[in-house]
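Right, one structure below, let's go through it.
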Amino acid sequence: MNNFIKRVAGLLLISSIFIGCGNSATTTGETSINTEEDTKADSYITVGFSQLGAESDWRSANTDSMLSTFSEEKGYSLIYKNGQQKQANQITAIRMFIQQEVDYIVLAPATEDGWESVLSEARDAEIPVILVDRKVNAADKNLYSCWVGSDFELEGIKMASWIKAYTEGKGIAPEDIHIVNIQGSIGSTAQIGRTRGLANAAREYGWDLMAEVSGDFTETKGREVTDALLKRFNNINIVYCENDNEAIGAIDAIESAGKKVGSDIANGEIMVVSFDGVNEKALSYAREGKISCIAECNPLHGPRVEALIKALEAGTTPDKFNYVDEKIFSSIPDVRSIVANGKEYMVEAP
Ligand code: GYE
């Protein structure tokens, strides 16, 4: 079916469901469907968006960006489903989008594995799938049209490069760098990349990477696992948090244990570094020096996904993988720039 015919058919299906219920309301909880005057709605592009959950400030900003981009005023009929951190919910949402014959499925996958069969169903239904933020692990790359998001391993490499430059500048020997990694949700692209960036650097530079434990990208879990790690090791001097929410929890745990957070690790302070740069509290911690460095991860993907849909609508083939440029922030003046994968990045004020 071509897109236009599918769009009209899909809208007729949606309107018949709602007319059948004698219901002209447009919003039901988290799912919003534009049904008003469906007869003239055949110009809407129907998008089913499966968001993975609401674990962090990054995620909320990402959801807001998607919801404000795919608005009725801009010509979209958006069906939004929050997966509540469960892949099974996301799979159910995608099956629902297929039944509703949406024009596009946008998927922000929780983890990389386990998508092949549902994405095959979308392909059989000839509905293009756009991946946003994290990737899926599928041997057949034709199961989705394209992806947009961050280079998470590069983010980790940038952070390691900043740690290296900072500690070398202070004359701290690599073997005296005792790091714990509070990882993100295991199996997500963001976790895999950031963990790999640090682990490779630790191996290469000779740092003591003592533990890798998941904090699930949340403040509560970040606090809990940092607390346990501080009880297990008495020589931690860098806590590498794979997002800002975990860093906020980690800082709380460090301070509650009577220790000081900061960059003066030669004198007993514990350095916290993190990723995202979205949460206001984390940014103010970075300005105060409680978070020493943040590698930016930009959540504003709504307009980027829209550009991909427009390209597909125009019959062109967008690039398969679309990476967003990102910065690195620190209020510590010692390191002015870093090099990651051969490219120089200026360290900016948070
Ligand atoms: O860094 C974290 C969120 O996948 C990039 O997920 C995203 C990560 C982000 O919960 O805060």
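Is it the case that Pro333 is open to solvent by 60 Å² or more (accessible area, probe 1.4 Å), over 19 Å from Leu154 (Cβ atoms), of a type outside the set (Phe, Trp, Tyr) and over 17 Å from the mean Cα position of the chain (by Cα)? Before the answer, list the steps.
On the way: open to solvent by 60 Å² or more (accessible area, probe 1.4 Å): yes; over 19 Å from Leu154 (Cβ atoms): yes; of a type outside the set (Phe, Trp, Tyr): yes; over 17 Å from the mean Cα position of the chain (by Cα): yes.
So Pro333 fits the description; yes.
Are any residues in the range 280-299 assigned to a loop (DSSP other than H, G, I, E, B) and within 13 Å of the ligand (Cβ to nearest atom), and if so, which ones? If you could, list the steps in order and put the result at the bottom.
Kept after step one, since they are assigned to a loop (DSSP other than H, G, I, E, B), are these residues of the range 280-299: 289-292, 297-299.
Selection gives Cys297, Asn298, Pro299.
Hey, does the range 164-179 have a residue that's within 17 Å of the chain's Cα centre (by Cα) and not assigned by TED's automatic domain parsing to the domain that holds Tyr104?
Looking only at the range 164-179, we keep the residues that are within 17 Å of the chain's Cα centre (by Cα), and these are none.
Scanning the range 164-179, I find no residue that is within 17 Å of the chain's Cα centre (by Cα) and not assigned by TED's automatic domain parsing to the domain that holds Tyr104, so the answer is no.
Hey, can you tell me all the residues within the range 218-262 that are away from the ligand (no atom under 16 Å from the Cβ), open to solvent by 40 Å² or more (accessible area, probe 1.4 Å) and either assigned to a helix (DSSP H, G or I) or in contact with a helix residue (DSSP H, G or I) (Cβ under 6 Å, 6 or more places away or on another chain) (or both)?
Glu224, Asp227, Ala228, Lys231, Arg232, Asp252, Glu255, Ser256, Ala257
Anything in the range 281-301 that is open to solvent by 20 Å² or more (accessible area, probe 1.4 Å) and closer than 11 Å to Trp58 by Cα? List them, or say none.
Listed by number, the residues that qualify are Glu296, Asn298, Leu300.
Considering only residues of the range 48-90 that are of a type in the set (Lys, Arg) and within 16 Å of the ligand (Cβ to nearest atom), which is most open to solvent (accessible area, probe 1.4 Å)?
Lys86
Which condition breaks for Asn89 when tested against (1) outside any loop (DSSP other than H, G, I, E, B); (2) under 23 Å from Arg304 (Cα atoms)?
Unmet for Asn89, out of (1) outside any loop (DSSP other than H, G, I, E, B); (2) under 23 Å from Arg304 (Cα atoms): (2).
So in the range 143-173, with the set limited to residues that are more than 24 Å from Asn322 (Cα to Cα) and charged (D, E, K, R), which one is surrounded by the most Cβ atoms within 10 Å (Cβ to Cβ)?
Filtering the range 143-173 for residues that are more than 24 Å from Asn322 (Cα to Cα) and charged (D, E, K, R), the one surrounded by the most Cβ atoms within 10 Å (Cβ to Cβ) comes out as Lys164.
The values are calculated or read from the model by the stated rules, or taken from the named source; none is laboratory data. Please read all numbers here as calculations on a predicted model, not as lab measurements. Don't worry about glycine lacking a Cβ; one is built from the backbone with ideal geometry, like all the others, and counts go over all protein chains shown. Note: areas computed on protein heavy atoms with side chains; ligands, DNA, RNA excluded. Shrake-Rupley method; radii C 1.70, N 1.55, O 1.52, S 1.80 Å.
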